[in-house]
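Reading through the structure tokens given below for one structure.
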Amino acid sequence: KITRFFQSHGEITYIATCNSETQPLMVVEFLTQLHEVLKSYFGNAITEAILQEHHLTLYQLLDEMLDSGIPVNTHPGGLHVLVPPPNLANRLHNAVLGTASGVLVSDQDPTKLLPLPWRASNIKYTSNEVYLDVIEHVDATLDPEGKLLTSAIYGKIEVNCRLSGMPDISLSLSNSHLIEDYSFHPSVRLARFASDRVVSFVPADGKFTLMNYKIRPESKEDKNQWQPKYIKQNPWMQSQTMGGGPGGGPEGSISVPMPLYIRPQSSFGPTQGRISIVCGTKPAFEKPVEGVSLQVALPSRVLSADPSATHGGATFDDASKTINWSIDKFPADKTPCLTVVLTMGSEQESNSSDKNKNDENNIDGSQSALALANQSKLQTERRKIKLQETCNVTAQFSVAGVGVSGVKVETLQVRNEKYKPTQGVRYHTRNGRIVVRT
């Protein structure tokens, strides 16, 4: 029995086959890493023409990444040493040596070239720099009044490293006790983080994701316990304590901070309907909220919609039955409002159509008495049950320069080298899955 796994990225589909029992996540992760490696070699746009042009490089990469079907080296930094990218310098080198293959492969011992699988030993830069991006995504489900029903924060730390030699970095995080689930780049020493919550690692060269994490909501009980020195109070989280802050969540917990408030109202009749949505920013967020977009999913019996917005642009997609409302910038004096007038299909016509379809499907040519009785009973029960129609609102946004979880970079120390690199940290807050129920 052959098992097939595949992933599609643009016009390229990666397929892996296994003829024996294997771990599915390992195969999926390998296909994901293969795509990342190809992007580091050929750019973000991977096309069929590019792979055909550099098919020899592709074969060599697969040979280095797999050994008898087992993933060995999937780090772009290490592969760049073993199989240099097909740039102009390498092409000139091939022309001088007279190699016809067009692929330059080092003939030195890989263990000497790569003391670590993700980093070469001879990296040199004229300007040593290391930059970090802390990106957090907020997932939340809210009721029409803005009360929080469920919430979570997922974050990741991305590193852009341009350091010479073999540096050793120690990264200290404030409020790291809130990190519940985490995964690290292979370079991170797990025992060090488990003991004192310090991220210690020898970085890969270039851009890579250092860690992914999920935040555990803080409770009032945490404040009564002894707190280590790496815990720093978050003013926003303090203001959101249940019983003193704005709504949502169980007693004694702290809600996930939302930079937006969304208040939807809807009413649907037999032939017409109306939806109004008010959206604004919360004053606790000092940074501007950008890229705000709301998607309103309408009931299936909507025939047409006429949206109008006081700010931004609103459009109706008839195919998906959704309203898209984009707000580029929030005004200082007014709150943006969206109003949608709907034309609905008749409920009587829908019930009559459903009845005719069920009559055709369930009543055979003999018109049996049992089928008629069952059909009549079913229609009676349908008339007794009337479901309330709703339209959920999903939101998209981004806030630059602020993090919502309280996890921040306290110190970034570079050891094992004499230079002092340029350092920088940026924070980003973005939407995950934000749903407002009506």
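The values are calculated or read from the model by the stated rules, or taken from the named source; none is laboratory data. From a predicted model like this one, the values you see are computed outputs, not experimental measurements. Ideal geometry is used to build each Cβ from the backbone, glycine not excepted, and the neighbour counts take in all protein chains shown. Side chains included, ligands, DNA and RNA excluded: accessible areas come from the protein's heavy atoms. Shrake-Rupley method; radii C 1.70, N 1.55, O 1.52, S 1.80 Å.
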Considering only segment 399-420, state which residues are crowded, with 16+ Cβ neighbours inside 10 Å and among the hydroxyl-bearing types (Ser, Thr, Tyr).
Ser405
From the list Lys112, Lys124, which residue is over 23 Å from Phe42 (Cβ atoms), assigned to a loop (DSSP other than H, G, I, E, B) and either over 32 Å from the mean Cα position of the chain (by Cα) or modelled with pLDDT under 85 (or both)?
Lys124
Please go through (1) at pLDDT 90 or above; (2) open to solvent by 60 Å² or more (accessible area, probe 1.4 Å) for Val37 and return the number of the only condition it doesn't satisfy.
(2)
Restricting to segment 421-438, name every residue that is open to solvent by 60 Å² or more (accessible area, probe 1.4 Å) and among the polar types (S, T, N, Q).
Thr422, Gln423
Quick one: is Leu178 under 30 Å from Val81 (Cβ atoms), touching a residue at least 40 places away in the same chain (Cβ under 8 Å), of a type in the set (A, V, I, L, M, F, W, C) and out of contact with any Phe, Trp or Tyr (no Cβ under 6 Å at 6 or more places or on another chain)?
no
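Yes or no, residue by residue, for (1) hydrophobic (A, V, I, L, M, F, W, C); (2) without any contact (Cβ under 8 Å) to a residue 12 or more places away in the chain; (3) open to solvent by less than 70 Å² (accessible area, probe 1.4 Å); (4) out of contact with any His (no Cβ under 7 Å at 6 or more places or on another chain):
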| position | (1), (2), (3), (4) |
| --- | --- |
| Asn19 | no, no, no, yes |
| Thr32 | no, no, yes, yes |
| His54 | no, no, yes, yes |
| Leu58 | yes, no, yes, yes |
| Leu61 | yes, no, yes, yes |
| Met65 | yes, no, yes, yes |
Does segment 281-327 hold any residues that are open to solvent by 60 Å² or more (accessible area, probe 1.4 Å), within 22 Å of Gly146 (Cα to Cα) and outside any strand (DSSP E or B), and which are they?
Pro283, Glu286, Lys287, Pro288, Thr310
Matching option when the condition is in contact with a Ser or Thr (Cβ under 7 Å, 6 or more places away or on another chain) and of a type outside the set (D, E, K, R), among Leu82, Leu51, Leu61:
Leu82
Where in segment 14-81 are the helices (runs of 4 or more DSSP H), entirely inside, with at least 2 residues that are of a type in the set (D, E, K, R) and over 24 Å from the mean Cα position of the chain (by Cα)?
48-53, 55-65
Looking at segment 143-180 only, could you name the residues that are open to solvent by 20 Å² or more (accessible area, probe 1.4 Å), in a strand (DSSP E or B) and at pLDDT 90 or above?
Tyr154, Lys156, Glu158, Asn160, Arg162, Asp168, Ser172
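If you check Asp333 against the conditions, is it open to solvent by 50 Å² or more (accessible area, probe 1.4 Å), at pLDDT 90 or above and either over 28 Å from His137 (Cα atoms) or of a type in the set (Ser, Thr, Tyr) (or both)?
In short, no.
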Please work out if Ile169 is within 25 Å of Gln33 (Cβ to Cβ) and in contact with a Phe, Trp or Tyr (Cβ under 9 Å, 6 or more places away or on another chain).
yes
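Quick check on Gly247: is it at pLDDT below 90, part of a loop (DSSP other than H, G, I, E, B), touching a strand residue (DSSP E or B) at 6+ places or on another chain (Cβ under 8 Å) and over 26 Å from Tyr419 (Cα atoms)?
Spelling it out, Gly247 is indeed at pLDDT below 90, part of a loop (DSSP other than H, G, I, E, B), touching a strand residue (DSSP E or B) at 6+ places or on another chain (Cβ under 8 Å) and over 26 Å from Tyr419 (Cα atoms).
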